[in-house]
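Worksheet for the structure shown next.
Coordinate-derived values only; no laboratory data. Only a predicted model underlies this, so the values are computations on that prediction, with no experimental measurement involved. Quick reminder, even Gly has a Cβ in these numbers, built from the backbone with ideal geometry, and neighbours come from all protein chains shown.
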Amino acid sequence: GKRSQSDVSILCDSLKNLIDALENEHKLAVENSNLEFGIKEKEFDLHTTRGNLEKSISDRKVVEDILLNVMPESIIQRLKNGEKFIAETIDNVTIFFSDIVGFTTISSSISPLEVVSFLNDMFSRMDDLAEQYDIEKIKTIGDAYFAVGGLFSQEYNHSHSPEMVATNMLHFALDVMNTIEDLNNSGKYPYKLALRVGIHTGPVVAGIIGEKKFAFDLWGDSVNVASRMESSGEAGRVHVSKATYKLTKDVFGFAKRGSIQVKGSLST
C-alpha cells in the first residue's frame with residue numbers, strides 16, 4: 001500500500017512538472033508570437049512610411065514639373081527659399097509674340113472641344129521647340145503665344161550673349177512657321193493656318209505677382225514693342241525690330257518694311 005501511495009505521489013509530481021513545462025512552453029510560444037507580430041508590425045510600419053515618403057517625393061516632383069512649365073527654375077528655387085517679392089530688371093532679352101490670323105473665324109466654325117484640342121496640339125509642338133532653343137514660354141493668351149529668350153541666362157550660362165539669344169529666337173520662329181506648314185499639310189484640320197510673329201530685343205522687368213496663385217510675367221516697353229511687331233506683321237512672316245535685326249543681320253536675310261508707330265517711329 002505504501003509503495004502504491006509513493007508511486008501515485010511520484011506520478012502526480014511528474015504530471016505537475018509536465019503541466020508546468022507545457023504552460024511555460026505555451027507562454028514562450030505566445031511571447032515569440034507577440035514578438036514576431038511586433039516585428040512584422042514594425043516592418044509594416046517601415047514599409048508604409050517608406051511608401052508614404054516615396055509618394056511624397058513623387059508628388060513633390062509632379063508639383064515641381066508643373067511649376068517648371070509656368071516659370072523659370074531659378075524663380076522656383078527662390079520661392080522655395082522663402083522669397084516673397086521677386087522682381088528684376090534684365091537688360092537684354094529677346095521677346096516673341098505670335099497669333100493665328102483669322103482665329104476668331106476658325107474658332108466660330110468648330111466646337112469648343114475642337115478649339116482646345118487644336119490649340120493644345122499647336123502649343124505642345126511650340127513648347128518642344130522652345131525647350132530645344134532654351135526659350136521660356138511666359139504664357140498663352142487665347143491663340144497668342146508669348147515667350148522670351150535670355151531670361152536669367154547669365155545666372156548659369158555666360159555663353160548666352162544677346163546675339164546668341166536673338167539668333168536662337170529667330171531659329172525658333174522659323175521652326176514654328178515650319179511646324180504650322182506641317183500641320184496644314186497633315187490634313188488633320190479642315191482649315192489652313194497662318195501665323196503672325198513679332199520679335200524685339202530690349203530690357204524688361206521680370207517677376208512674380210500674387211501670393212496664393214503665383215503668376216510669372218514680364219513688363220516694360222520692350223514687351224509692348226514685341227507685341228506691336230506681331231500685330232503689325234504679315235501672315236506667314238517673322239517681323240523683327242531694328243534692335244533684333246542688328247544682333248542677327250549676319251546670320252539671316254531680311255527685307256526692310258519701313259517704320260511703324262510704337263510710341264514714336266520704329267524701324268522694322
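Side notes on the structure shown:
- Based on alpha-carbon atoms, the Kirkwood radius and the radius of gyration of segment 84-163 give Rg/Rh equal to 1.09.
- Ordering of 209-218, 177-186, 125-134, 222-231 by packing [mean C-beta count within 10 Å, highest first]: 222-231, 125-134, 177-186, 209-218
- Contour minus Cα-Cα distance for Ile110 and Asp127 (0.36 nm per residue): 3.7 nm
- Gained length - Lys80 relative to Lys242, 0.36 nm times residue gap less alpha-carbon distance: 54.4 nm
- Stokes-Einstein diffusion for segment 157-259, with the hydrodynamic radius set to the Kirkwood value over Cα pairs and evaluated at 10 °C in a medium of 1.306 mPa s, equals 102 µm²/s.
- Subset of Lys80/Lys213; Lys84/Lys213; Lys139/Lys213; Lys192/Lys242 violating a 22 Å alpha-carbon distance limit: Lys192/Lys242
- Take the Cα of Asp217, step 7 Å toward its Cβ, do the same at Ser232, and the gap between the two points is 2.4 nm.
- Karplus-derived HN-Hα couplings along segment 199-215 (A = 6.51, B = -1.76, C = 1.60, θ = phi - 60°), whole Hz, x at Gly and Pro: 9, 8, 10, x, x, 9, 9, 10, x, 10, 10, x, 10, 9, 10, 5, 9
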